[in-house]
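S.K.: One structure, as structure tokens, below. Some questions next.
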4 protein chains.
Amino acid sequence: MSLSPLFTEYQKTRQYTERLCKPLNIEDYVPQAADFASPPKWHLAHTTWFFEEMILTKYVEDYAVFDSHFGFLFNSYYQTVGEKALRAQRGIMTRPSVEQVYQYRHHVDEHMQRFLIEDIQNDLSDDIKALITLGINHEQQHQELLLTDLKYTFSLNPIQPVYHQDFNLVAQLPITKEQEGEWLSVEEGIYDIGHNGDGFCFDNERCQHKVLLQKFEIASALITNREYIEFIEDDGYTTFSHWLDDGWAWLTNNQVRSPLYWQKIDGQWFNFTLAGLQPIDDEASVSHISYYEANAFASWKNMRLPSEFEWEVASSQFDWGQRWEWTSSAYLPYPGFAISEGAVGEYNGKFMVNQMVLRGASVATSKDHSRSTYRNFFQPHHQWQFSGIRLVK
Amino acid sequence: MSLSPLFTEYQKTRQYTERLCKPLNIEDYVPQAADFASPPKWHLAHTTWFFEEMILTKYVEDYAVFDSHFGFLFNSYYQTVGEKALRAQRGIMTRPSVEQVYQYRHHVDEHMQRFLIEDIQNDLSDDIKALITLGINHEQQHQELLLTDLKYTFSLNPIQPVYHQDFNLVAQLPITKEQEGEWLSVEEGIYDIGHNGDGFCFDNERCQHKVLLQKFEIASALITNREYIEFIEDDGYTTFSHWLDDGWAWLTNNQVRSPLYWQKIDGQWFNFTLAGLQPIDDEASVSHISYYEANAFASWKNMRLPSEFEWEVASSQFDWGQRWEWTSSAYLPYPGFAISEGAVGEYNGKFMVNQMVLRGASVATSKDHSRSTYRNFFQPHHQWQFSGIRLVK
Amino acid sequence: MSLSPLFTEYQKTRQYTERLCKPLNIEDYVPQAADFASPPKWHLAHTTWFFEEMILTKYVEDYAVFDSHFGFLFNSYYQTVGEKALRAQRGIMTRPSVEQVYQYRHHVDEHMQRFLIEDIQNDLSDDIKALITLGINHEQQHQELLLTDLKYTFSLNPIQPVYHQDFNLVAQLPITKEQEGEWLSVEEGIYDIGHNGDGFCFDNERCQHKVLLQKFEIASALITNREYIEFIEDDGYTTFSHWLDDGWAWLTNNQVRSPLYWQKIDGQWFNFTLAGLQPIDDEASVSHISYYEANAFASWKNMRLPSEFEWEVASSQFDWGQRWEWTSSAYLPYPGFAISEGAVGEYNGKFMVNQMVLRGASVATSKDHSRSTYRNFFQPHHQWQFSGIRLVK
Amino acid sequence: MSLSPLFTEYQKTRQYTERLCKPLNIEDYVPQAADFASPPKWHLAHTTWFFEEMILTKYVEDYAVFDSHFGFLFNSYYQTVGEKALRAQRGIMTRPSVEQVYQYRHHVDEHMQRFLIEDIQNDLSDDIKALITLGINHEQQHQELLLTDLKYTFSLNPIQPVYHQDFNLVAQLPITKEQEGEWLSVEEGIYDIGHNGDGFCFDNERCQHKVLLQKFEIASALITNREYIEFIEDDGYTTFSHWLDDGWAWLTNNQVRSPLYWQKIDGQWFNFTLAGLQPIDDEASVSHISYYEANAFASWKNMRLPSEFEWEVASSQFDWGQRWEWTSSAYLPYPGFAISEGAVGEYNGKFMVNQMVLRGASVATSKDHSRSTYRNFFQPHHQWQFSGIRLVK
């Protein structure tokens, strides 16, 4: 009897999460360095809770929850004030221990595997399979966050810890290789936007619909550190006219003068990486910039960022997948979008205000977790993702 | 010799601003009740500064500025931290006095009128005429803000002052009369969006372009207070599922339980108006609601807000102009939008992030200051404008 | 029939408050520039409310309050959260108008005068006389605050308004004249501390008691601006070791580098005064410094501030009255101190934590409102009073 | 050869710190739950750094510091803004690991022991011995903080972890046993205050001096939970007149309605303890209250708190040592107090403002770390120490 593809995908995803944690000390699992980040321990448990809550407690007869507190502790979403405090206090929850969280994972894995083997025999419904696939994709999202949150935590430590000397090896991801830039032309026309295939997609990608685009030209290459340093050296961060009003307030209040993690030592730029402090590679794509910075850079170039529709239409013509790319589009529902009932409904629709769309994927994105219709979104001031710039003119 | 239309328009606008201030005590001109609001005195001076700075100092030979400090005090835009403090301290600037500000207005008016009379004789350039028209429209915007800011200030005073017993008489605006509601249908198609005529428009309306819309049905009538009270009584403000995540945080942190200015006294709803505290008129359009509230109401109705494009295309089919109407569109540049050079360029483009578009106009909007392409915009939590709800299904 | 001394004192005090307001525009009466300050209008009304509430409504038969809202608006003390908001919003209360507040004053004055004339005929009780005297002293306190609050408001206005070209003339106070400094010696011994005479004193000065003091030497002169500039120029504000921990946090967070109101222009120190911006007078006593600064200065000199007991015992040997003088004493109750019943009890005892005692009086203190047992108190970071430094070694 | 008493004391203290950590998971060593608290890991390292920095690097030839980063990471005191951020980020320093911190401890212990053995042979100077004794007392202070900080962290965890089922056994401390209360009388007189013996004391206890006290009566027993519940049930937390102004603001802003760690479940009071959630013991001394609460309770009783001088003079007549006892004295220098040169000088003098004195010791205080002249001090809002109430009348 061969295993189902879903079983294999589940296994692979669950193992990869734990593989990402291999270089960690137990201490590293604990802290939450900012409200927008979560501890590794929480990521490990929360992704597990999803399968327990959405599958095991609903579809497995007599399933006993591993620990009745975990639903409360590792649910991501809190509605009331008192509970909201919990969100900011993930870093003080020293108990359950890391070991107990791993036991929780293995307990749920065992039950999920049994359930998935029955899948072959019992022909589980498409709805259940779709939920499991959602859980797998959900965990892949947290794999990326686990890395970016950890990088943020480590960066605040004066001794600048190394996650792994060779981050790419750990994460099994290709080395960034920059390409020659050119301008790619897209004609005016009506284009299909959104997901319309058999494969998995999130609810915010659905409802494929037609959009009318004007003619535009988009860069085949991302902006490099070298180009970004030109912006810095041309007083980019102190020239008011390049910046949105909110962006100017943000950089003034936070004294921002470079991408996150950069520092200048004896006249040379370095950046903190998962492999420790490293000199800036001039020809690598710039990363860890906010929407405000991306927009100001484009303004300085007398160009602009692509809309998310332009990006999606043009994406087959260029390489992408190393940097999440800021678009000029606010994160809004597609025509026909409807929030699902229940906890799953809180997935994406709740956040459709005050956020900008990013397209593509990043070096920290898990394999098989990207497609041209994927819509990522963050508030415009966030820098802690591997975010970059592609221009349109 | 007859006066030019621009001369007449200038006169009328300038006089109307002062007419709006007739019911004020000198004390009323001073305070700034919130960061988002400005004192009447500041509105009076700032609109004047616009004409002095953009026209008189540039195009009138030997013009001497009224007071060299005024450019600093009454400029709306501050770039640096130190100056930003000024924005929050408009309410402590007791000097120059109200009388001096009126002298400033009359000084500038005199010079502007002389300049405009020369217009007839000397055939002023279209650029200059456009700038003056911009100044007139700018002042009309501040007329509306003057009223909404004043209402906000008065509302915080425990003795609830009356601006005027008959607000509509003062403002020369029609009494709100509600219409029967019905559903208006708009077919799928490609529509022109944006301004494309001879008349005045702001830079953010320009660049008319084509947009592809799906079929939709839009309500001919705005949501009434009666309908909104149903939402309140159906636990609208305490049912998490209706609200965006940011909206829920906003209402929780601010203990919002009704539109701004509402209070329940002995089981009956009242609201604070420019004519003092008044019982809620059930059949009047709901007003003073945030985008978060408008969106939650629509969600409760299983409907949605129109996009700004849908609104613009359908607007010829319904009455509007009593409430600014929240749309589902984030405030973003139209294709081809470019920020103008210099101070005029700060007008609209600087704010194209974290704001939602409102369409229409309100009872506080000055006459001749509305059109179907007009794009107003505020952050989603603001309630102090006369904002309302129109639904789409 | 001659008028009683209390009648005369009442008249003089009430008139002096209004005299201090003579140089004001109506606009100047409105703003509250900081939480710790109050608008002139509020000072005028609050001091009046004291007499209405404590005397007229209690002891004058058939007295009708001038306006039933005023008790709420002009009471100084708010217990609940909602009401606390009012404290920070004194500056937006444009109504009642300044004119109405003056009518309120004159209404209360008329009734008080009638009541005080009856005093002569009817032999009013000592308790009532004591309450009226308290009201007079209360108003004198607000006279000083009126000036220091106004100075603070004006200082924030970029055009730096002038209250009066000759502040001393308006306030009928002697010109500061500095004296030669010398060290005055006080022997170890047991001394009486606190008030014990027939005249008026506040409740916090009562309960005269004995205190044992060690021998000490106290400076006959206050620290001058010249001496304070030496401290600044010797890196006083950037040398950590001089400062209390809280003081260092305060100066770091607020970027304090000099006394309040000082600015350096082209290498020379100026300060903002009630007569506008003026060059620093090197030989005048330093003023507008916080306790943190006074303490750091003393530490830099290897000396210390006097305790309030040392100050009181030595005060007969030196001139004082131009600067409130920071002492090393925390503001605490004297042995036997008891908080009075009712609203009068809120006068002083409520504030006996987190404040330091100042002794003496200042150029802004009203005549007849100082004595050697007087205990003023402020939180250690406040700079907006005319506060100075006297050293002990 | 027998070991010196200092060697023995050093050993015992260092071992006791580690013994207190025995019940901890590695995860428990990491978080900092509030700015006022520190992680166990930091306490372990910081107390060690004291000996390395003050003794080994100064007096041991060729001593090599264990890790050059540790001085920066585990120093308690930060002067500049950037470094101050570190203070609030102790909880994100996952590296060095707990294991490395223990290695650090053992490295320093080894060198200290060698140095102390030489003590016997080489007759180390009194200054060095005094410094080592200071380090021992410093570590004892951190033993208490380690427990109180841990309790605070655990209390925020919804699953309410247990430090140890029998806290007293772990900490080798006697069980609280309440005594009968009576009133002890102390006569008016001149008393010696401060330390004047051969044993160790902190700098703030030195400079014994005479103080004149009035006659007073002090309670032999601390206030019990039963008595405190009477205060709660008599609307103690909602009756404004009992509270200092700052205290009222504190309880209003923080919604305080009981001592820290208390919660009412089904009408019965429980409190969170180091042995988990426990029912309140009515006859145990109330604990975890702020100065504001202690003062309000005394006011409700029409009594007062003792001054620190009264407490010291009377202390030989009653049992103490289970609760730190709030006094009515602000924390100020004794006559003749001088801040020492260098880092040691930052020990106590820097904090002599905005704090109240506590006298006695608590169940969490290490053995041999209390005496009647000991002056503890905290800001008046802090509740996280084992603080209690003794009354004077």
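The values are calculated or read from the model by the stated rules, or taken from the named source; none is laboratory data. Note that the coordinates shown come from a computational prediction; the quantities given were computed from them, not determined experimentally. Backbone-built Cβ (ideal geometry, glycine too); neighbour counts: all protein chains shown. Only protein heavy atoms, including side chains, enter the accessible area calculation; ligands, DNA and RNA are left aside. Shrake-Rupley method; radii C 1.70, N 1.55, O 1.52, S 1.80 Å.
S.K.: Go through (1) within 14 Å of another protein chain (Cβ to nearest Cβ); (2) farther than 22 Å from B:LYS393 by Cβ one by one and return the number of the condition B:ILE193 breaks.
M.R.: Looking at each condition in turn, B:ILE193 falls short on (2).
Conditions (1) hydrophobic (A, V, I, L, M, F, W, C); (2) touching a helix residue (DSSP H, G or I) at 6+ places or on another chain (Cβ under 9 Å), marked per residue:
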position: D:GLY267; (1), (2): no, no
position: D:LEU274; (1), (2): yes, yes
position: D:GLN278; (1), (2): no, no
position: D:ALA284; (1), (2): yes, yes
position: D:GLU293; (1), (2): no, yes
position: D:ALA296; (1), (2): yes, yes
position: D:LYS301; (1), (2): no, yes
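S.K.: Here's a follow-up. Under the condition of being open to solvent by 50 Å² or more (accessible area, probe 1.4 Å) and not in a helix (DSSP H, G or I), which residue from region B:208-234 is farthest from the other protein chains (Cβ to nearest Cβ)? Before the answer, list the steps.
M.R.: Of region B:208-234, the ones open to solvent by 50 Å² or more (accessible area, probe 1.4 Å) are B:208, B:210, B:214-215, B:217, B:226, B:230, B:233-234.
This time we only want the ones that are not in a helix (DSSP H, G or I), so: B:208, B:210, B:214-215, B:217, B:234.
On the way: B:GLN208: 12, B:LYS210: 6, B:GLN214: 5, B:LYS215: 10, B:GLU217: 13, B:ASP234: 18 Å.
Only one residue tops the list, namely B:ASP234.
S.K.: Take C:ASN354 and tell me if it is under 25 Å from C:VAL211 (Cα atoms), without any contact (Cβ under 8 Å) to a residue 60 or more places away in the chain and buried (at least 17 other Cβ atoms within 10 Å of the Cβ).
M.R.: yes
S.K.: Related question: Only one of these is at pLDDT below 90 and surrounded by 17 or more Cβ atoms within 10 Å (Cβ to Cβ): A:LEU86, A:LEU131, A:LEU116, A:LEU146. Name it.
M.R.: The unique qualifying residue is A:LEU86.
S.K.: So, in region B:376-385, how many residues would count as being surrounded by 21 or more Cβ atoms within 10 Å (Cβ to Cβ), under 11 Å from the mean Cα position of the chain (by Cα) and assigned to a loop (DSSP other than H, G, I, E, B)?
M.R.: Residues that pass the stated criteria total 1.
S.K.: Now, a different point. Which of the residues that make up region B:316-338 are in contact with a Phe, Trp or Tyr (Cβ under 6 Å, 6 or more places away or on another chain) and within 11 Å of another protein chain (Cβ to nearest Cβ)?
M.R.: Passing the criteria: B:THR327, B:TYR331.
S.K.: Whether any residue in region C:257-267 is closer than 22 Å to C:PRO380 by Cβ, of a type in the set (S, T, N, Q) and within 14 Å of chain D (Cβ to nearest Cβ) is what I want to check.
M.R.: Taking every residue of region C:257-267 in turn, none turns out to be closer than 22 Å to C:PRO380 by Cβ, of a type in the set (S, T, N, Q) and within 14 Å of chain D (Cβ to nearest Cβ).
S.K.: Taking the condition within 13 Å of another protein chain (Cβ to nearest Cβ) and either over 23 Å from B:ALA330 (Cβ atoms) or open to solvent by 20 Å² or more (accessible area, probe 1.4 Å) (or both), does B:TRP250 pass?
M.R.: Yes; evaluated as a whole, the condition is true for this residue.
S.K.: I'd like to check something: does region B:99-107 contain any residue that is modelled with pLDDT under 95 and more than 19 Å from B:GLN143 (Cβ to Cβ)?
M.R.: no
S.K.: While we're here: I'm trying to understand the selection: among the residues of region A:38-81, which are modelled with pLDDT under 90, more than 10 Å from chain D (Cβ to nearest Cβ) and open to solvent by 50 Å² or more (accessible area, probe 1.4 Å)?
M.R.: Listed by number, the residues that qualify are A:GLN79, A:THR80, A:VAL81.
S.K.: While we're looking at this one, here's another question. Quick one: what pairs do we get from region A:139-157, first residue more than 12 Å from A:PRO39 (Cα to Cα), second charged (D, E, K, R) and at pLDDT below 95, C-beta under 9 Å, 6+ apart or different chains?
M.R.: Qualifying pairs under 9 Å: A:GLN140/A:LYS367; A:GLN140/A:ASP368.
S.K.: Within region A:16-28, take every residue that is within 19 Å of the chain's Cα centre (by Cα) and open to solvent by 10 Å² or more (accessible area, probe 1.4 Å) and give me the one that is farthest from the other protein chains (Cβ to nearest Cβ). Step through it out loud before you land on a result.
M.R.: Of region A:16-28, the ones within 19 Å of the chain's Cα centre (by Cα) are A:16-21.
Next cut, open to solvent by 10 Å² or more (accessible area, probe 1.4 Å) only: A:16, A:18-19.
Numbers: A:TYR16: 22, A:GLU18: 17, A:ARG19: 19 Å.
Among those residues, the one meeting the criterion is A:TYR16.
S.K.: A follow-up question, please. Filter region C:280-333 down to the residues that are in a loop (DSSP other than H, G, I, E, B) and aromatic (Phe, Trp, Tyr), then identify the one that is most open to solvent (accessible area, probe 1.4 Å).
M.R.: C:TRP320
S.K.: Take the conditions at positive phi and within 13 Å of another protein chain (Cβ to nearest Cβ) and apply them to A:ASN302. Does it pass? Working first, answer last.
M.R.: Numbers: at positive phi: yes; within 13 Å of another protein chain (Cβ to nearest Cβ): yes.
Considered against the rule, which asks whether it is at positive phi and within 13 Å of another protein chain (Cβ to nearest Cβ), A:ASN302 comes out as yes.
S.K.: Any idea which of C:LEU277, C:LEU305, C:LEU213 is over 30 Å from C:ILE190 (Cβ atoms), of a type in the set (A, V, I, L, M), touching a Phe, Trp or Tyr at 6+ places or on another chain (Cβ under 7 Å) and in contact (Cβ under 8 Å) with a residue 60 or more places away in the chain?
M.R.: Testing whether each residue is over 30 Å from C:ILE190 (Cβ atoms), of a type in the set (A, V, I, L, M), touching a Phe, Trp or Tyr at 6+ places or on another chain (Cβ under 7 Å) and in contact (Cβ under 8 Å) with a residue 60 or more places away in the chain leaves just C:LEU277.
S.K.: Could you list, in sequence order, all residues of region C:3-15 that are touching a residue at least 12 places away in the same chain (Cβ under 8 Å) and either basic (Lys, Arg) or open to solvent by 20 Å² or more (accessible area, probe 1.4 Å) (or both)? Give the steps one after another, and end with the answer.
M.R.: Filtering region C:3-15 down to residues touching a residue at least 12 places away in the same chain (Cβ under 8 Å) leaves C:3-4, C:6-7, C:9-11, C:13-14.
Those that are touching a residue at least 12 places away in the same chain (Cβ under 8 Å) and either basic (Lys, Arg) or open to solvent by 20 Å² or more (accessible area, probe 1.4 Å) (or both): C:LEU3, C:LEU6, C:GLU9, C:GLN11, C:ARG14.
S.K.: Quick check: is even one residue across region D:168-191 in contact with a strand residue (DSSP E or B) (Cβ under 6 Å, 6 or more places away or on another chain), modelled with pLDDT under 95 and farther than 30 Å from A:GLY71 by Cα?
M.R.: yes
S.K.: Which condition does D:THR373 not pass, out of (1) part of a loop (DSSP other than H, G, I, E, B); (2) more than 14 Å from chain C (Cβ to nearest Cβ); (3) modelled with pLDDT of 95 or more; (4) closer than 29 Å to D:ARG257 by Cβ, if it passes all the others?
M.R.: For D:THR373, the exception is condition (4).
S.K.: Determine whether D:SER258 is hydroxyl-bearing (Ser, Thr, Tyr) and at pLDDT below 95.
M.R.: no
S.K.: Got at least one residue in region C:101-113 being within 14 Å of chain B (Cβ to nearest Cβ), open to solvent by 10 Å² or more (accessible area, probe 1.4 Å) and touching a Leu at 6+ places or on another chain (Cβ under 7 Å)?
M.R.: no
S.K.: Can you name every residue in region C:24-41 that is in contact (Cβ under 8 Å) with a residue 12 or more places away in the chain and in a helix (DSSP H, G or I)?
M.R.: C:ASP28, C:TYR29, C:PRO40, C:LYS41
S.K.: Being not hydroxyl-bearing (Ser, Thr, Tyr) and not in a loop (DSSP other than H, G, I, E, B) is the filter; apply it to region C:235-246 and report the residue that is farthest from C:GLU325 (Cα to Cα).
M.R.: Of region C:235-246, the ones not hydroxyl-bearing (Ser, Thr, Tyr) are C:235-236, C:240, C:242-246.
Still in the running and not in a loop (DSSP other than H, G, I, E, B): C:236, C:240, C:242, C:245-246.
Details: C:GLY236: 20, C:PHE240: 24, C:HIS242: 19, C:ASP245: 22, C:ASP246: 20 Å.
For region C:235-246, the residue satisfying everything is C:PHE240.
S.K.: Quickly run through region B:185-236 and pick out the residues that are hydroxyl-bearing (Ser, Thr, Tyr) and farther than 30 Å from B:ILE280 by Cβ. Give the derivation first.
M.R.: Quick first cut of region B:185-236, residues hydroxyl-bearing (Ser, Thr, Tyr) only: B:185, B:191, B:220, B:224, B:228.
Residues satisfying the conditions are B:SER185, B:TYR191.
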